């Protein structure tokens, strides 16, 4: 006589639907988690790129400042000081100065300027030489975007920070240092101090 074998039992419809519901919820949570990770990665990548651009701008600015020349310039309007720092209320570039060549045979001495334009970009102005002729126009290049505020301050001989240069009329000397403040549209503000070698 054969022993009694129980009938093979499968999953009921309710058990299958419950398993499918649980798997669907797990898949949805995994998808949302992956989306959040990818979104955070993109945000961090963009933030890193912005800080890299800011670091590149500061390196360029530091190089220009280190090559500052104490030589006054001649222009269409007469003689101008070697270093001119304007308050932010005055139109045009905020900082303008003469600098030596970066490398002999590759670059020439120039008059350079930095300012903030209407598109929230820091602009670099480059004249063809230190003495601008009556028709000489600077080339203008956007060197950093997403900037809401740009300020410069200058360290005078009495070790006090001033907002305009020359600190006194007829002062032909360069400041001891320049303090740069940049406020970013994405949030945050940086301040750097650059000593002048002259």
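The values are calculated or read from the model by the stated rules, or taken from the named source; none is laboratory data. The shown structure was predicted, so the numbers you read here are calculated from the model rather than taken from an experiment. Note: ideal-geometry Cβ built from the backbone for every residue, glycine included; neighbour counts use all protein chains shown.
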* **Residues (touching a helix residue (DSSP H, G or I) at 6+ places or on another chain (Cβ under 8 Å) and at pLDDT below 80) located in segment 78-105** => 102
* Asked: Just one of 112, 73 is buried (at least 18 other Cβ atoms within 10 Å of the Cβ), over 16 Å from the mean Cα position of the chain (by Cα), free of Cβ contacts under 8 Å to residues at least 60 places away in the same chain and over 30 Å from residue 49 (Cα atoms); which is it?
  -> 73
* To do: Count, please, the residues in segment 106-128 that happen to be part of a strand (DSSP E or B) and either out of contact with any strand residue (DSSP E or B) (no Cβ under 8 Å at 6 or more places or on another chain) or under 22 Å from residue 82 (Cα atoms) (or both).
  => 13
* Would you mention how many residues in segment 87-99 are assigned to a loop (DSSP other than H, G, I, E, B) and either free of Cβ contacts under 8 Å to residues at least 40 places away in the same chain or more than 18 Å from residue 196 (Cβ to Cβ) (or both)? => 7
* **Hits in segment 5-37 (condition: in a loop (DSSP other than H, G, I, E, B) and either surrounded by fewer than 10 Cβ atoms within 10 Å (Cβ to Cβ) or modelled with pLDDT of 85 or more (or both))** => 5, 6, 7, 8, 9, 10, 12
* Asked: Among the residues of segment 140-198, how many are touching a strand residue (DSSP E or B) at 6+ places or on another chain (Cβ under 7 Å) and exposed (fewer than 12 other Cβ atoms within 10 Å of the Cβ)?
  -> 4
